[in-house]
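K.L.:
I'd like to ask you about the structure that follows.
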Amino acid sequence: MIRDFSYTSLPQRVVFGAGSLQHLGREIDALRARRALVLCTPGQRDKAERVAAMLGAQAAGIFDGAVMHVPIETARDARQAAHNLGADCAIAIGGGSTVGLGKAIALDSGLPILAIPTTYAGSEMTPFYGLTEAGLKTTGKDARVLPRTVIYDPELSRGLPVALSVTSGINAIAHAAEGLYAQDANPVMDLMAEQGIAAMARAIPAIRRDSGDMQARTDALYGTWLCGTVLGCVGIALHHKLCHTLGGSFNLPHSEVHTVVLPHAIAFNAGVAPQAMEVIARALGTPSAALGLYALAKDNGAAVALRDIGMREQDLDRAADLAVSNPYWNPRPIGPAERGLIRDLLQRAWGGVPPVEG
Ligand SMILES: NC(=O)C1=CN([C@@H]2O[C@H](COP(=O)(O)OP(=O)(O)OC[C@H]3O[C@@H](n4cnc5c(N)ncnc54)[C@H](OP(=O)(O)O)[C@@H]3O)[C@@H](O)[C@H]2O)C=CC1
Ligand SMILES: O=C(O)/C=C\C(=O)CC(=O)O
C-alpha cells in the first residue's frame, strides 16, 4: 500500500565507474573552479597527490590533516588554508572523515565540494555535517555542505582493508535500513534502499573472499551511492542516534559501532515496521532482517560485541541515560519510559549475543 509522502530530491551530479577519476578535469571545469584545494588524511596522501598532478595549475594545494569526526581546530586550519591559497573549490578524496572536512569548509565559505569517496560511509550524498569541539560532537544540516559533484571510482577503494570494507559496508546498509521506516520515508527511497542493501550484501562476502574483486568493489560503491542517498533524503531514527551516542561520548570507532548496533536496533523496531523488515530480509536473502544483519557481520569476520570494540560494561547505564534523554523520532517510542528496554538492547549488543525482537 502506498502511504502519503513528500519527497525533495537533492541537486547533485554523480559520475560512476571504474576509472572515472579520469573525468576529474572535465568535472572541475563544469564547476567553473580554477583553484582546487585537495583534502585527505595523511594515509591517503598518495591519492591526493595523484589528484593534484591531474589538475596541474588548477591545484591550489593539498591539506592532508583530515581526522575522524572533524575536530574544530582541524576545520579552522583547513578553512584558513583554503583562504590563504585562494581556493575556489575543495576536492575531498577519502572516507567520511575527509568528506566531513570538506563540508566544514563549505559550511563556512560556501565553496563547492567535489567528493571522491574511498570508503562506503556515504557522507558525500548528504547535507549533514558533524563538528567536534571540546570533545563534544554536534551535527547539523545545511544545503551548502552537500557536495556538488561526486566521482565514484571503484578502483580507488580496491585497497580499503577487508575488515574496514565489511564494517563500512554495513554502515551504508544502516542508512538504507533505517530509511525504510524513517519519518520522511517515501517509495522512491524505498526502492533505492532495497537495491542498496542487496548490492552491499552481495559485495561484502565477495570482497572478503577477494579484496581485489572489481565487480564486488563496484557493487559496494553502487550500494554506497544508493544507501547514502537514502540517508541524505529521509530522516534517521534509533539506530543512528545510538551510534552517535556511543561514538561521540565513548569514542568508539564509527563503522564498527554501526556494525554491532544495527541488528539490535532493527530488532527493537521490528514489531512496528513489518514492511521495512520484509524489504530488508528480502534484500539480504534471509528470513529475518535482524538475524540476517547479525549473520552478515559475524560470518564476514566483523566484531558483533561492543565489548570487543572498546566499550566498558560499567558505561552502559550512562549510554542508556544519554540515549533516552533527548526525545527524537522513532517508529516505536523511545523516551525515559523505555530506558529499561534500551538498556537491555545495549547489554545484548555489549555481549554480542544475537538480536531479540520485542
Ligand atoms: N555527514 C554524513 O552524512 C556522514 C558522516 N559520516 C562521518 O564520517 C566518518 C566516518 O567515515 P569513514 O569513511 O568510516 O571513516 P574515515 O574517513 O575515517 O576512514 C576510515 C579509514 O579508512 C582508511 N581508508 C580510507 N580509504 C582508504 C583506501 N582507499 N584504502 C585504504 N584505506 C583507506 C583511512 O585510513 P587513513 O587514515 O590511513 O587514511 C581511515 O583510517 C565519521 O566521522 C562519521 O560521523 C559518515 C557517514 C555519513
Ligand atoms: O555524524 C555525522 O557526521 C553525521 C552523520 C553520520 O555520521 C551518519 C552515520 O552515523 O553514519
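A short reminder: the numbers here are calculations on the coordinates, not readings from a lab. Predicted, not measured: the structure shown is a model, and the values here were computed from it. So basically every Cβ, Gly included, is an ideal-geometry build from the backbone, and we count neighbours across all protein chains shown.
K.L.:
If each residue's Cβ is checked for other Cβ atoms within 10 Å, how do Lys298, Lys103, Lys141, Lys241 rank with the fewest at the top? The partial results should precede the final answer.
P.N.:
Numbers: Lys298 16, Lys103 31, Lys141 11, Lys241 20.
Result, fewest neighbours first: Lys141, Lys298, Lys241, Lys103.
K.L.:
Express in nm, to one decimal, how much length is gained between Gln275 and Leu10 on full extension, taking 0.36 nm for each residue of separation and deducting their alpha carbon distance. Write down the numbers at each step before the final one.
P.N.:
Working: separation 265, 0.36 × 265 = 95.40 nm, distance 2.56 nm.
Here the segment from Gln275 to Leu10 would lengthen by 92.8 nm.
K.L.:
Then there's this: Express the relative contact order of segment 186-254 as a whole percentage, based on alpha carbon pairs under 8 Å and six or more residues apart in sequence. Walk me through the numbers before you get to the answer.
P.N.:
Values: 47 pairs, mean separation 23.3, N = 69.
Result for segment 186-254 is 34 percent.
K.L.:
Can you show me the helix-derived [θ] at 222 nm for the chain, built from DSSP H runs with n ≥ 4 at -39,500 (n - 2.57) apiece and divided by the number of residues, rounded to the nearest 500. Numbers along the way, then the final one.
P.N.:
Values: 13 runs with 180 residues, N = 358.
Theoretical 222 nm ellipticity from helices: -16000 deg cm²/dmol.
K.L.:
I would also like to ask the following. Restricting to the chain, what percent of DSSP beta bridges are antiparallel, rounded to 5?
P.N.:
On the way: 6 of 26 bridges.
The antiparallel proportion sits near 25 percent.
K.L.:
Relative contact order for segment 147-204: what is it in percent, counting Cα pairs under 8 Å that are at least 6 residues apart?
P.N.:
Working: 22 pairs, mean separation 20.4, N = 58.
Answer for segment 147-204 is 35 percent.
K.L.:
How much length would be gained if the chain were fully extended between Ser109 and Arg50, taking 0.36 nm per residue of separation minus their Cα-Cα distance, in nm to one decimal? All intermediate terms of the calculation are to be shown ahead of the outcome.
P.N.:
Values: separation 59, 0.36 × 59 = 21.24 nm, distance 2.56 nm.
Gain in length upon complete extension: 18.7 nm.
K.L.:
Can you report the principal axis dimensions of the chain using only the alpha carbons, biggest first, rounded to whole angstrom?
P.N.:
59, 42, 41
K.L.:
Per 0.36 nm of contour for each residue apart, how much would the distance between Leu341 and Ala163 grow if the chain were fully extended, relative to their Cα-Cα spacing?
P.N.:
Details: separation 178, 0.36 × 178 = 64.08 nm, distance 3.06 nm.
Net length gain for the segment: 61.0 nm.
K.L.:
Report, in debye and to the nearest 20, how large the dipole of segment 1-78 comes out about its Cα centre when Lys and Arg carry +1 and Asp and Glu carry -1 on their Cβ. Please report the intermediate quantities before stating the final value.
P.N.:
Values: 10 positive and 8 negative charges, 50 e Å.
Dipole about the Cα centre, nearest 20: 240 debye.
K.L.:
Charges only on Cβ, +1 for Lys and Arg, -1 for Asp and Glu: so what's the dipole of the chain about the Cα centre, in debye to the nearest 20? List each step's numbers first, then the result.
P.N.:
Numbers: 31 positive and 33 negative charges, 78 e Å.
Using Cβ point charges on Lys, Arg, Asp and Glu, the chain gives about 380 debye.
K.L.:
Evaluate the relative contact order of segment 162-351 (contact order divided by residue number), counting alpha-carbon pairs under 8 angstrom at least 6 apart; express in whole percent. Before the final figure, lay out the partial values.
P.N.:
Working: 289 pairs, mean separation 47.8, N = 190.
Computed over segment 162-351, the figure is 25 percent.
K.L.:
Fewest first, what order do Met1, Met277, Met125 take by the number of other Cβ atoms within 10 Å? Could the numbers behind the result be given before it?
P.N.:
Details: Met1 3, Met277 23, Met125 27.
Neighbour counts put them in this order, fewest first: Met1, Met277, Met125.
K.L.:
Could you pull out the pairs from Lys103/Lys137; Lys137/Lys241; Lys103/Lys298 whose alpha carbons sit more than 23 Å apart here?
P.N.:
Numbers: Lys103/Lys137 15 Å; Lys137/Lys241 12 Å; Lys103/Lys298 33 Å.
Among Lys103/Lys137; Lys137/Lys241; Lys103/Lys298, the Cα-Cα distance tops 23 Å for Lys103/Lys298.
K.L.:
For segment 223-354, just the Cα set please: Rg and Dmax, both in angstrom.
P.N.:
Over segment 223-354's Cα set, Rg and Dmax evaluate to 14.1, 38 Å.
K.L.:
Quick one: Lys47, Lys137, fewest Cβ neighbours within 10 Å first, how do they rank?
P.N.:
Details: Lys47 20, Lys137 15.
So the residues, fewest neighbours to most, are Lys137, Lys47.
K.L.:
Compute the Kirkwood hydrodynamic radius of segment 13-157, taking the inverse of the mean of 1/r over all pairs of distinct Cα atoms, and give it in Å to one decimal. It would help to have the intermediate numbers written out before the result.
P.N.:
Numbers: mean 1/r = 0.0687 Å⁻¹.
The Cα-based Kirkwood calculation yields 14.6 Å.
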